Amino acid sequence: MRKQKILILSWRGPGHPNAGGAELSTHEHAKAWVKAGHSVTLFTSYFRGGKREEFIDGVKIIRKGYGVFGVQIAAFIWYIFGKHMKFNLVVDQFHGIPFFTPLYVRIKKLAFIHEVAKEVWWFNPWPVPFNLIPAVIGTLFERFIFTILYRKIPFMTVSESTKKELVKWGIPKGNITIIHNGASVINVKVQKENRNTAIYLGVLTKDKGIEDVIKVFDLINRRDSSWQFWIVGKGNPGYLNCLNRKIRKFNLGSKIRFWGFVDQKKKFELLARAHILINPSIREGWGLVNIEANSVGTPVVAYNVPGCKDSVKNGFSGLLSEGGNIGALVSNTIKLVCSKREYNRIQKNAISWGKRFSWLKATEESLKLLESF
């Protein structure tokens, strides 16, 4: 295979305090491409305390610009006027807003997308009433970005749900390749907690459903006060204060433990100790945390929404509820955990389901995709 000089444009990269599953996925593919002999440069946003340039796992990281649009503008200026090697493939990663590479990149391009944003635009963190700006503009113009600019660009995505939505928005089905995310599992030898334990793991934002989680915890606690609840992840300090006020309102201060951000080993330990993962995200590209939980024997209860309905096999590795139906989440959680026979069946299935997904398999598929360029 001809060795490629690849440029990846991504709004967040390794080390960014708000990096999530999409950024992890990008880096897993990038470092595998480097290992296969390709040259990979990742252009991403700068964050306070980060290095402007560095190599991580053989991937050259360049950080310029900030946040929304800042990094897109910085990427355009650097690509057109900056000093850099001559690339022969540019990977344009979408996260709500792409890098608009069809307007100025004249070499081969690959669009990499986890999810279309759609209703997520309305859950942006901008203060009222300014939050209406990205909500309205994003909702009105997102689909036209795909239809007008990216119709002839090949896409790599992570789920059937995202592929179907791309097709609805005018991307030819034959231009889309699905490569499921893998999971970097750390084996831990721990027992389940003696008390029924429900865990939430993820970024603490509205679109990830953290407020629904607190309501679920409250309703479970009203039915059975012997449960304990864990929240694992990081969030904006101001928003954390808001969440804590809700928790005090429900008198859950002694029942919910905030673990904050934890390292990989601790993450898998907590997932393995918990009995159930609750994932009420309104939309995912794939839902990597669902596979991570399954891999250590923890079933998942989630909304039946794009991404989660791909990574959670309903009735097999967990249970799905109608999106936004908090009562159904509560019922499914209690029903599953409190039925030993059913729990053991789904727990066994969850482990086998989780084993189907690995970064080795995912990166082998993405390398095959590169061969087509």
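Starting from one equal scatterer on each C-alpha and no solvent at all, send me the Debye-based log10 I(q)/I(0) for the chain at q = 0.13, 0.15 Å⁻¹, two decimals.
For the chain at q = 0.13, 0.15 Å⁻¹, log10 I(q)/I(0) is -1.08, -1.39.
Using a Cα distance threshold of under 16 Å, what count of lysine pairs results for the stretch 13-101 when pairs must be 8 or more residues apart or interchain?
Lysine pairs, 8 or more places apart or on different chains, close enough: 7.
Ranked highest first by average number of other Cβ atoms within 10 Å, how do 276-283, 111-118 line up?
In decreasing order of mean packing, 276-283, 111-118 become 276-283, 111-118.
Placing +1 at every Lys and Arg Cβ and -1 at every Asp and Glu Cβ, with all other atoms neutral, what dipole size does the stretch 235-295 have around its Cα centre, in debye to the nearest 20?
Result for the stretch 235-295 is approximately 400 debye, rounded to the nearest 20.
Determine, for 62, 231, 153, the number of other Cβ atoms within 10 Å of each Cβ, and report the residues in order from fewest to most.
153, 62, 231
Divide by every residue of the chain the summed helix terms, -39500 (n - 2.57) for each DSSP H run of at least 4, and state the resulting mean residue ellipticity at 222 nm, rounded to the nearest 500 deg cm²/dmol.
-12000 deg cm²/dmol
Over all directions, what mean area does the Cα convex hull of the stretch 197-354 project, stated in square nanometres?
8.1 nm²
Note the angle between two axes, namely the Cα long axis of helix 359-371 and the longest principal axis of the Cα atoms of the chain, as a number of degrees from 0 to 90, rounded to the nearest 10.
Tilt of helix 359-371: around 20 degrees.
How many percent of DSSP beta bridges within the chain run antiparallel, rounded to 5?
Around 10 percent antiparallel, to the nearest 5.
Using the count of nearby Cβ atoms within 10 Å as a rough guide to exposure, how do 345, 63, 248 rank from fewest to most?
So the ranking, lowest neighbour count to highest, is 248, 345, 63.
Just order 71-80, 201-210 by mean Cβ neighbour count inside 10 Å, highest at the front, would you?
The peptides rank, most packed first, as 201-210, 71-80.
Enumerate the aspartates and glutamates that residue 255 could reach by cross-link, defined here as Cα to Cα under 13 Å, with residues fewer than 8 away along the same chain left out.
Within reach: 218, 224.
Assuming a viscosity of 0.692 mPa s and a temperature of 37 °C, what translational diffusion coefficient in µm² per second does Stokes-Einstein assign to the stretch 164-261, Rh being the Kirkwood radius over Cα pairs?
202 µm²/s
At a 10 angstrom cut-off on C-beta neighbours, averaged per residue, how do the peptides 174-182, 250-258, 315-323 rank from highest to lowest?
Highest-to-lowest ranking by the protection proxy: 315-323, 174-182, 250-258.
Choose one of 250, 229, 362: the residue whose Cα lies farthest towards the positive end of the charge dipole of the chain (beta-carbon charges +1 Lys, Arg; -1 Asp, Glu; about the Cα centre).
362
Give the angle, between 0 and 90 degrees and rounded to the nearest 10, that separates the Cα long axis of helix 67-81 from the longest principal axis of the Cα atoms of the chain.
The helix 67-81 is inclined about 20 degrees to the chain.
Values in this text are rule-based calculations from the coordinates and carry no lab data. None of the values given here were measured: they were computed from a predicted structure. So basically every Cβ, Gly included, is an ideal-geometry build from the backbone, and we count neighbours across all protein chains shown.
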